[in-house]
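Chemist: Can you read through this structure? Questions will come right after.
The values are calculated or read from the model by the stated rules, or taken from the named source; none is laboratory data. The structure presented is a predicted model; accordingly, all values stated were derived computationally and were not measured. FYI the Cβ positions are ideal-geometry reconstructions off the backbone, even for glycines, and counts take in every protein chain you see. Each accessible area value is taken on the protein alone, full model and side chains, heavy atoms only, with ligands, DNA and RNA left out. Shrake-Rupley method; radii C 1.70, N 1.55, O 1.52, S 1.80 Å.
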Amino acid sequence: MDDFETVLFEKRDGIAHVTLNRPKNLNVYNIQMRDDLYQVLGAIRDDPDIRVGIFKGAGDKAFCAGADLTEFLTAPPPVKARQVRFQRDVWSLFLNLPQPLIAAVQGYALGSGVEIALCCDIRIGSEDVRFRLPEIGLGIIPAAGGTQTLPRIVGRSRALEILLTNRWVDAEEACRIGLINQVVPREALLERAEELAGKIASHDPRAVRSAKQAVIKGLDMTLSQGLDLEKRLAWGLRAEVASEKDEKAMDIY
């Protein structure tokens, strides 16, 4: 297991296990966690043996209770801020990982915690999970993709209602509107996430990554462009598999 100050990172059987590890602070996202996640996400991206990732929060109370505003709202000089954001763009890394990501979300998920979950491809929630984007009530707006990822998942009208009222969304509603894929008892949360991850990891990683790419990129295209992308990815994958079969056949002789 790799040691980071705010994150636990472990790889087992092709699955990356990432735990937000500030349980005494409800796993609040701070600058150190940003830096730790940047390293972890880069390691996942660059490791061909990792086929899928699971993100979870340490402790019983929260997945992640938002960002530490005392740190992030203390603005550094503009040039320094731009440099840090360019060098450590965690959210871009999240959204561009080729491997599928599963969020196992329990307890409170606020602000950046919601955004981390939204950056994952599949979200499993415990029965006690509660989501909230409180930024509007603080006179700010989400700054880690929430205004863009939420409407793509739950639709524009629902996203605006949740954002502009900063109200709580419980497990039942979250599942009904597609914010999470399914609800399970708290004690079964990690088991269910690992079961899904194992099923995904059992498939050819090239096919899994190609399917994810087709869906994610296709959503930002017209239907005809998306169909063309799917065709190119499918034929490229078939050609690669056929080439491997030819090489194996040649090895026989």
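For (1) under 23 Å from L133 (Cβ atoms); (2) in contact with a helix residue (DSSP H, G or I) (Cβ under 8 Å, 6 or more places away or on another chain); (3) at pLDDT 95 or above, each residue gets a yes or a no:
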position: K24; (1), (2), (3): no, no, no
position: N27; (1), (2), (3): yes, yes, yes
position: L41; (1), (2), (3): yes, yes, yes
position: I44; (1), (2), (3): no, no, yes
position: G59; (1), (2), (3): yes, yes, no
position: T74; (1), (2), (3): yes, no, no
position: R85; (1), (2), (3): yes, no, no
position: V90; (1), (2), (3): yes, yes, no
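Chemist: Select from segment 210-229 the residues that are of a type in the set (A, V, I, L, M, F, W, C) and in contact with an Asp or Glu (Cβ under 7 Å, 6 or more places away or on another chain) and list them in ascending order.
Modeler: A214
Chemist: Another one. Suppose we keep only residues that are touching a Lys or Arg at 6+ places or on another chain (Cβ under 7 Å) and in contact (Cβ under 8 Å) with a residue 40 or more places away in the chain within segment 17-54. Which one would you say is farthest from R209 (Cα to Cα)?
Modeler: L26
Chemist: Looking only at segment 87-98, which residues are open to solvent by less than 10 Å² (accessible area, probe 1.4 Å) and over 10 Å from the mean Cα position of the chain (by Cα)?
Modeler: Within segment 87-98, V90 is the sole residue that qualifies.
Chemist: Those residues that are surrounded by fewer than 18 Cβ atoms within 10 Å (Cβ to Cβ) and in a loop (DSSP other than H, G, I, E, B), I need them from segment 122-155; list them, please.
Modeler: E127, D128, P134, G139, I140, I141, A143, G155
Chemist: Return yes or no: is D170 more than 17 Å from the chain's Cα centre (by Cα) and without any contact (Cβ under 8 Å) to a residue 12 or more places away in the chain?
Modeler: no
Chemist: Follow-up. For segment 179-202: of the residues being farther than 14 Å from V129 by Cβ and in contact (Cβ under 8 Å) with a residue 24 or more places away in the chain, which is most open to solvent (accessible area, probe 1.4 Å)?
Modeler: Across segment 179-202, the extreme among qualifying residues is E194.
Listed here are the residues, each with its yes/no results for (1) assigned to a helix (DSSP H, G or I); (2) in contact with a Gly (Cβ under 7 Å, 6 or more places away or on another chain); (3) at pLDDT 95 or above.
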site: L196; (1), (2), (3): yes, no, yes
site: I200; (1), (2), (3): yes, no, yes
site: M221; (1), (2), (3): no, no, no
site: K245; (1), (2), (3): yes, no, no
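Chemist: Output the qualifying pairs, or none if there are none: Cβ atoms under 7 angstrom, residues six or more apart or on different chains, first residue in segment 153-164 and free of Cβ contacts under 8 Å to residues at least 24 places away in the same chain, second residue open to solvent by less than 20 Å² (accessible area, probe 1.4 Å).
Modeler: Within 7 Å, the pairs are R158/I177; A159/L150.
Chemist: Quick check: is even one residue across segment 167-177 assigned to a strand (DSSP E or B) and either farther than 21 Å from G59 by Cα or modelled with pLDDT of 95 or more (or both)?
Modeler: yes
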